[in-house]
1. Considering only strands (runs of 3 or more DSSP E) fully contained in the range A:19-107, which possess at least 2 residues that are surrounded by fewer than 16 Cβ atoms within 10 Å (Cβ to Cβ)?
2. Could we say that residue B:12 is among the β-branched types (Val, Ile, Thr) and within 22 Å of residue A:98 (Cα to Cα) here?
3. Return the pairs, sorted by first residue and then second, in which the second residue is crowded, with 17+ Cβ neighbours inside 10 Å and assigned to a loop (DSSP other than H, G, I, E, B), the first residue lies in the range A:90-107 and is acidic (Asp, Glu), the beta carbons are less than 9 Å apart, and the residues are 6+ apart or on different chains.
4. Tell me, yes or no, whether the range B:72-87 has at least one residue that is modelled with pLDDT of 95 or more, within 14 Å of chain A (Cβ to nearest Cβ), at negative phi and assigned to a strand (DSSP E or B).
5. Between residues in the range B:98-109 that are farther than 12 Å from residue B:2 by Cβ and within 7 Å of chain A (Cβ to nearest Cβ) and residues that are of a type outside the set (S, T, N, Q) and in a strand (DSSP E or B), which pairs lie under 7 Å by C-beta distance while being six or more apart or on different chains?
Amino acid sequence: DIQMTQSPASLSASLEEIVTITCKASQGIDDYLSWYQQKPGKSPQLLIYDATSLADGVPSRFSGSRSGTQYSLKISRPQVDDSGIYYCLQSYSTPYTFGAGTKLELK
Amino acid sequence: EVQLQESGPGLVKPSQSLSLTCSVTGYSITSNYWGWIRKFPGNKMEWMGYISYSGSTSYNPSLKSRISITRDTSKNQFFLQLNSVTTEDTATYYCARYVNILWTFDYWGQGVMVTVSS
């Protein structure tokens with residue numbers, strides 16, 4: 001199985017910061033990497049697919065990038081509504097695997 | 001608009017089978033792939049498996065032979081059955097659409113919490 005090592009596990013950020021969450025794949029996944037946001041009691045919402053493509057309706061302050069086998073989600077000037085848990089998902093090969101999640105708190 | 005809705009019992013006894021239904025509206029399950037994903041207490045997410053537009057299936061080996069995903073195209077529904085459940089199967093279960101254009105899950109159901117307890 002491909003392991004997705006996500007960090008940090010949690011972070012608290014101000015509204016003026018740039019927030020960065022990373023996922024490192026245990027092997028190459030050819031950009032089959034997506035990012036999700038989940039709020040309490042809700043289902044995950046797709047933010048980024050193909051590592052860098054913004055999903056429909058997602059604000060442009062969200063962006064994705066890759067360096068080697070490390071993938072990053074960046075939130076520029078986050079809003080209070082961006083609080084939640086963020087997950088990466090690799091869909092390069094089955095079993096598809098998720099990162100452990102990052103809990104983001106905006107202060 | 002594509003909508004998915006999970007249904008099924010919220011409480012299952014250990015050693016019994018967990019059975020859930022995902023009802024899909026706004027899109028035919030004879031296109032793309034349709035999966036089950038669960039979220040454990042503590043936030044770990046696990047892909048369980050999917051059924052394809054043609055009815056073929058793929059399962060997470062971690063579930064070994066306990067899992068079965070089937071469908072009823074006439075009702076536009078697909079199903080999860082997980083046998084011999086233990087307390088470790090307590091989780092929120094989601095159904096979701098996997099679309100090849102995006103190579104990921106784009107539409108999800110709201111989730112159903114299932115507790116395994118005697």
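1. Result: A:62-67, A:70-76, A:102-106.
2. Details: among the β-branched types (Val, Ile, Thr): yes; within 22 Å of residue A:98 (Cα to Cα): no.
No; evaluated as a whole, the condition is false for this residue.
3. Cβ pairs passing all conditions: A:105/A:83.
4. Here is the first cut: in the range B:72-87, the ones modelled with pLDDT of 95 or more are B:72-87.
After this cut, where a residue has to be within 14 Å of chain A (Cβ to nearest Cβ) as well, the list is none.
No: the range B:72-87 contains no residue that is modelled with pLDDT of 95 or more, within 14 Å of chain A (Cβ to nearest Cβ), at negative phi and assigned to a strand (DSSP E or B).
5. From residues that are farther than 12 Å from residue B:2 by Cβ and within 7 Å of chain A (Cβ to nearest Cβ), the pairs are B:102/A:49; B:103/A:49; B:104/A:46; B:104/A:49; B:104/A:89; B:104/B:98.
The values are calculated or read from the model by the stated rules, or taken from the named source; none is laboratory data. Keep in mind that this is a model prediction, so the values were computed, not measured. Positions of Cβ are backbone-derived with ideal geometry, glycine not excepted, and every protein chain shown enters the neighbour counts.
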